Amino acid sequence: MLYGILGLIAWTSDVWNVDLKLVLATDVSRSIDDEELRLEREGTAEAFLDSEVVKAIQSGSLGRIAVAAFDFSSPQDNRVTMDWHIIHDRATAMALAETIRDTPRTRGRRTSVSSALELGALLIESSEKDIVATRKVIDVSGDGPNNDGDRMMEVHDKVIAQGIIVNGLPVMDDNANGYFPDLDKYYAACVAGGRGSFVVAVHSYKDFSAAMRHKLILEISRNETQIRHAQNAPAKGGTLLQLAAAAPASPLGTPQVLRAGPNEFSSRCDIGGFGFGGF
């Protein structure tokens, strides 16, 4: 496997040692249009350029993380869009951001979240001889439930058993074609898992950058006290929980977070007979 070698300081005896191995899985099913995907790509790039995110990376015991990315929809359409990059400062973050912005769209059909977890775990496992990480995380962003590929909970439990943490960014934009009510709860029950896992709800594609930024700060720093505070702070007039990251809130609104755990979706993680709507 070829790697985006962006930081030579991590190289030791043919092995990269990093604090975190992070895989970004992006839903490109047919319910997500080109403008919505552009906002996701741009938002992710902006998040990695944020000074607080770079600071969180450098504050780790090794001061560096490894990042890879892929697009997912139906299993046969999944494609790795960015191989492993080592990030340890603003310069390497800028190179990563440019790569993310320049990534062309992968055309997709349905939404196989289960295959996203399978591919994410494969990317992590296949790089074990070359990149050694203290923690391993798959981030899944999408606008719908699992409706294709293998059964969700079978894959979910297998991936979590490998010591991989799964966090989620469900997009719940009610102005978008792919709006799915309570997707945050679905992600909390069926997608996210592992120690300290959480779900950050995105209620508008325009807020994606702020949500990604807060999520990255929480999971890179692994500040357990901060995560618990974020998860336990009640949101105004709703069942969601306000995300209280150390960095100041976005003017577009504070992102919100849910604990990963069972709820009303736990018994129905495969929705729509594998042909649900346009997700």
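The values are calculated or read from the model by the stated rules, or taken from the named source; none is laboratory data. Every value quoted in this text rests on a predicted model; they were computed, and no experiment measured them. Every residue, glycine among them, receives a Cβ derived from its backbone with ideal geometry; neighbour counts consider all protein chains shown. SASA here: full protein model, heavy atoms, side chains in, ligands and nucleic acids out. Shrake-Rupley method; radii C 1.70, N 1.55, O 1.52, S 1.80 Å.
I'm checking my understanding of the structure. Among residues of segment 111-135 that are of a type in the set (Gly, Ala, Ser) and outside any helix (DSSP H, G or I), which one is surrounded by the most Cβ atoms within 10 Å (Cβ to Cβ)? Among those that are of a type in the set (Gly, Ala, Ser) and outside any helix (DSSP H, G or I), it is 112.
Applying the criterion of being charged (D, E, K, R) and touching a residue at least 40 places away in the same chain (Cβ under 8 Å) to the residues of segment 91-128, the residue that is nearest to residue 56 (Cα to Cα) is 98. Filtering segment 19-53 to residues that are open to solvent by 40 Å² or more (accessible area, probe 1.4 Å) and either assigned to a loop (DSSP other than H, G, I, E, B) or β-branched (Val, Ile, Thr) (or both) leaves 30, 33.
Among the residues of segment 173-193, those identified as crowded, with 21+ Cβ neighbours inside 10 Å and assigned to a loop (DSSP other than H, G, I, E, B) are 178, 180, 192. Taking segment 55-90 as the range and being in a helix (DSSP H, G or I) and either in contact (Cβ under 8 Å) with a residue 60 or more places away in the chain or closer than 19 Å to residue 138 by Cα (or both) as the test, the residues that pass are 56, 57, 75, 77.
Residues that are of a type in the set (Val, Ile, Thr), open to solvent by 30 Å² or more (accessible area, probe 1.4 Å), more than 20 Å from the chain's Cα centre (by Cα) and at pLDDT below 85 occur in segment 217-234; there is at least one. When segment 136-171 is limited to residues that are small (Gly, Ala, Ser) and under 14 Å from residue 195 (Cα atoms), the one that is least open to solvent (accessible area, probe 1.4 Å) turns out to be 168. Open to solvent by 10 Å² or more (accessible area, probe 1.4 Å) and modelled with pLDDT of 95 or more, is that true of residue 93? Considered against the rule, which asks whether it is open to solvent by 10 Å² or more (accessible area, probe 1.4 Å) and modelled with pLDDT of 95 or more, residue 93 comes out as no.
Of the residues making up segment 91-110, those that are in contact with a helix residue (DSSP H, G or I) (Cβ under 7 Å, 6 or more places away or on another chain) and either among the aromatic types (Phe, Trp, Tyr) or part of a helix (DSSP H, G or I) (or both) are 93, 94, 96, 97, 100, 101. Among all positions in segment 79-90, there is at least one residue which is among the β-branched types (Val, Ile, Thr) and open to solvent by 10 Å² or more (accessible area, probe 1.4 Å). Among the criteria (1) closer than 23 Å to residue 17 by Cα; (2) buried (at least 17 other Cβ atoms within 10 Å of the Cβ), the one residue 108 does not fulfil is (1).
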